[in-house]
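The structure appears below as structure tokens.
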Amino acid sequence: MSDLWLLLALCTGVTYFWRGLGVLLSGRINVDSELFRWAECVAYAMITGIIARMVVMPTGALATCPLWVRVTASAVALLVYRLTGKNLSVGVAAGVITLAAFG
Amino acid sequence: MPATSTSDFRLGFVQGAREACGVPGLLMSAGFIGFGSMASDAGATFVFAALATILMWALPGQVVMLDMMTVKATLFATLLAVFFSAVRFLPMTVTLGPQMRMAGNSGGGWRAYLAVQWVATTSWALAMQRYPNMPAAQRAPWMMGFGVVCTLVAVVCCAIGYFGADNFPRAIRIGLIFLMPAFFVILLAGDVRTRAMAASLVCGAIAGPALYLWSREWSVMLGGLIGGTVAYAAQKFWKGLPA
């Protein structure tokens, strides 16, 4: 039992480590510096990679929908967002409904 | 503490909290309902699942931890996996940190250290969009308000998942799972403001899935590093060309 709480405490620690380190390092990085631009590129690429993978190669329940439905639903979300004057909620809802209806 | 600082704190916190009640709140629901079900499957107690959510606040890391618990992995192996799963926070907090600390900062540094506890994929992406239009002193409080509300919603959702969400019909289940990608597709590709961002999107979208075929463990980290570096170099080269 106590092992579990130790595990949780340590997992919490190693997770926070990167967050805190970012703040520590960021004090020494100029916002307009090249290093900052590079870090921003890495962060964007990382998230885009995860999301692209979730759409193209999902695991679990999403994997039971055809690829074209996942891609179409993503496109619908983006399109509706642009057509509604950048309304985030409506865009997301349109994508989700498309997927649920055809998936 | 000067009066303006107190009101900036409140303004930022309330605005963040309010924002957490929109689509991001729904996103949390989707993710943590799944985490709750997974925890009950793995034989963990609800208190453990809820505390993991509150303290770690990193869904992928929590999933890794639970997964390693089920296969009875050693403490060291589990910690190493969770450690690597959290590397992604570094570029996020490196980019948000200076924006939070621009607030003049006589001793305001602790706010940034507390606020980053709630930096995650969703809040990072949203903050990158919101921070440029927000007074610097409100940025760390915004993250706290956003994070605290999201955490509360997530714990409720975790309970829903834990105590029996298996009965949802399939269409609703897959719709909930798709909330996350749909939200990010819009957030990332909805308004591309800079050339560097456009390059990062293209490179990341290619590198992430491609590396996943090679290694599931390393694809997130390497996809970001390789995709981001190529994007950075490409936009640098592009800028260097005569117009």
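Values for this structure:
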| read-out | value |
| --- | --- |
| Residue in segment B:36-46 that is facing another protein chain (nearest Cβ under 9 Å), of a type in the set (S, T, N, Q), out of contact with any helix residue (DSSP H, G or I) (no Cβ under 7 Å at 6 or more places or on another chain) and surrounded by fewer than 23 Cβ atoms within 10 Å (Cβ to Cβ) present | yes |
| Within segment B:100-125, considering residues that are at pLDDT below 85 and facing another protein chain (nearest Cβ under 7 Å), the one farthest from B:Met221 (Cα to Cα) | B:Arg101 |
| Tally, over segment A:83-92, of residues that are touching a helix residue (DSSP H, G or I) at 6+ places or on another chain (Cβ under 8 Å) and either surrounded by fewer than 19 Cβ atoms within 10 Å (Cβ to Cβ) or over 18 Å from B:Cys21 (Cα atoms) (or both) | 4 |
| Meets criteria (of a type in the set (A, V, I, L, M, F, W, C) and either more than 27 Å from B:Pro98 (Cα to Cα) or touching a His at 6+ places or on another chain (Cβ under 6 Å) (or both)) for A:Met46 | no |
| Whichever residue in segment A:46-82 is among the hydrophobic types (A, V, I, L, M, F, W, C) and touching a Phe, Trp or Tyr at 6+ places or on another chain (Cβ under 6 Å) and, among such residues, is surrounded by the most Cβ atoms within 10 Å (Cβ to Cβ) | A:Ile51 |
| Test: residue in segment B:202-218 that is touching a Pro at 6+ places or on another chain (Cβ under 9 Å) and closer than 16 Å to A:Ile47 by Cβ | no |
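Conditions tested, residue by residue: (1) on the phi < 0 side of the Ramachandran plot; (2) small (Gly, Ala, Ser); (3) at pLDDT below 85.
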{"position": "A:Trp18", "(1), (2), (3)": "yes, no, no"}
{"position": "A:Ile29", "(1), (2), (3)": "yes, no, yes"}
{"position": "A:Ser33", "(1), (2), (3)": "yes, yes, yes"}
{"position": "A:Phe36", "(1), (2), (3)": "yes, no, yes"}
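Matching residues to (1) buried (at least 21 other Cβ atoms within 10 Å of the Cβ); (2) without any contact (Cβ under 8 Å) to a residue 24 or more places away in the chain:
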{"site": "B:Gly34", "(1), (2)": "yes, no"}
{"site": "B:Leu51", "(1), (2)": "no, yes"}
{"site": "B:Trp57", "(1), (2)": "yes, no"}
{"site": "B:Gly61", "(1), (2)": "yes, no"}
{"site": "B:Ala73", "(1), (2)": "no, yes"}
{"site": "B:Leu96", "(1), (2)": "yes, no"}
{"site": "B:Leu114", "(1), (2)": "no, no"}
{"site": "B:Val119", "(1), (2)": "yes, no"}
{"site": "B:Ser123", "(1), (2)": "yes, no"}
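The values are calculated or read from the model by the stated rules, or taken from the named source; none is laboratory data. Note that the structure is predicted; figures quoted are calculated from it, not measured. No Cβ is skipped: glycine too gets one built from the backbone with ideal geometry, and neighbour counts run over all protein chains shown.
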